[in-house]
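Here is the structure we will look at, set down as structure tokens.
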Amino acid sequence: MQKSECPRGTQLRNRVTGNCDQRALSSAQIKCRTTVQQIKSSSSTSSPESVRKLHPRPSDKLNPKTINPFAEQSRAPSAFSAIYSKGGIPCRLVHGSVRHRLQWECPPENLPFDPLLITLAEGLRETKHPYTFVSKEAFRELLLVKSAPEKTVPLLPRLIPVLKAALVHSDNEVFERGLNALVQLSVVVGPCLNDHLKHLLTSGSLIIIKSKIPTYCSICC
């Protein structure tokens with residue numbers, strides 16, 4: 001009489017067979033992935049670009065890569081914009097519906113002019129908003145405080161070269177801001193500016209400055 005197979009034994013045999021099939025399938029998938037990766041790596045190493053990198057042609061030295069003049073060039077931030085972004089300028093621009101204004105963190109008369117006034121003078125060469133407005137307006141408002149003359153005169157040897165850089169700038173608006181700043185400075189320091197004016201520009205450009213500043217400033221051309 002033939003014995004009937006135990007159901008538990010049948011389930012165990014099927015489970016073992018299934019595990020073997022899964023192992024075989026996974027090993028086949030691993031081999032397939034390895035083969036595909038080898039094909040990709042071999043194709044990348046055999047591409048013309050990779051061959052050119054491994055074995056550069058003599059003409060590559062004669063034809064170096066040039067900069068695209070129409071591409072957007074990354075430009076490092078200027079000194080004034082970097083200081084302003086880090087909160088080094090104690091005022092901020094307040095946008096108004098009709099006119100912009102500055103909001104100072106503390107009264108300007110309580111601020112030290114060194115090096116704030118020189119930093120604002122350097123900002124006159126900026127060409128982007130809000131740096132153009134902040135540097136121009138803050139320079140003007142700082143010179144309006146009562147103690148401005150005694151705080152500004154010692155800084156003239158360092159201020160004049162900075163203003164000269166704005167006056168020789170190729171941008172007309174930068175030149176205008178520099179000229180206006182020089183007029184404001186002359187009103188504050190008076191005749192103390194005379195000894196420094198001859199260092200600003202050539203005699204031809206000094207004619208323009210002479211027509212803008214007060215008459216008590218004698219310019220030696």
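Take the residues in segment 190-221 that are open to solvent by less than 10 Å² (accessible area, probe 1.4 Å) and under 23 Å from Arg125 (Cβ atoms), then tell me which one is modelled with the lowest pLDDT. Among them, the one singled out is Leu206.
The rows are residues; the columns are (1) among the charged types (D, E, K, R); (2) in contact with a helix residue (DSSP H, G or I) (Cβ under 6 Å, 6 or more places away or on another chain).
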{"position": "Cys91", "(1), (2)": "no, yes"}
{"position": "His95", "(1), (2)": "no, no"}
{"position": "Glu109", "(1), (2)": "yes, no"}
{"position": "Pro115", "(1), (2)": "no, no"}
{"position": "Arg125", "(1), (2)": "yes, yes"}
{"position": "Lys128", "(1), (2)": "yes, no"}
{"position": "Val134", "(1), (2)": "no, no"}
{"position": "Phe139", "(1), (2)": "no, yes"}
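In segment 96-133, what residues are surrounded by fewer than 20 Cβ atoms within 10 Å (Cβ to Cβ), closer than 18 Å to Val189 by Cβ and touching a residue at least 40 places away in the same chain (Cβ under 8 Å)? Once the filter is applied, which keeps residues that are surrounded by fewer than 20 Cβ atoms within 10 Å (Cβ to Cβ), closer than 18 Å to Val189 by Cβ and touching a residue at least 40 places away in the same chain (Cβ under 8 Å), segment 96-133 yields Asp114, Ile118.
Here's the yes/no breakdown for (1) under 16 Å from Tyr84 (Cα atoms); (2) modelled with pLDDT under 95:
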site	(1), (2)
Pro130	yes, yes
Glu137	yes, no
Val145	no, no
Leu155	no, no
Ile160	no, yes
Leu179	no, yes
Ser186	no, yes
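State whether one or more residues within segment 140-159 are more than 16 Å from Leu120 (Cβ to Cβ) and either hydrophobic (A, V, I, L, M, F, W, C) or surrounded by 20 or more Cβ atoms within 10 Å (Cβ to Cβ) (or both). There is at least one residue in segment 140-159 that is more than 16 Å from Leu120 (Cβ to Cβ) and either hydrophobic (A, V, I, L, M, F, W, C) or surrounded by 20 or more Cβ atoms within 10 Å (Cβ to Cβ) (or both). If you go through segment 168-189 and pick out every residue that is touching a residue at least 40 places away in the same chain (Cβ under 8 Å) and within 15 Å of Glu122 (Cα to Cα), you end up with 9.
The values are calculated or read from the model by the stated rules, or taken from the named source; none is laboratory data. Note that this is a predicted model, so its numbers are computed, not measured. Virtual Cβ from ideal backbone geometry, glycine too; neighbours counted across all protein chains shown. Remember, those area values only see protein heavy atoms, side chains included, never the ligands or the DNA or RNA. Shrake-Rupley method; radii C 1.70, N 1.55, O 1.52, S 1.80 Å.
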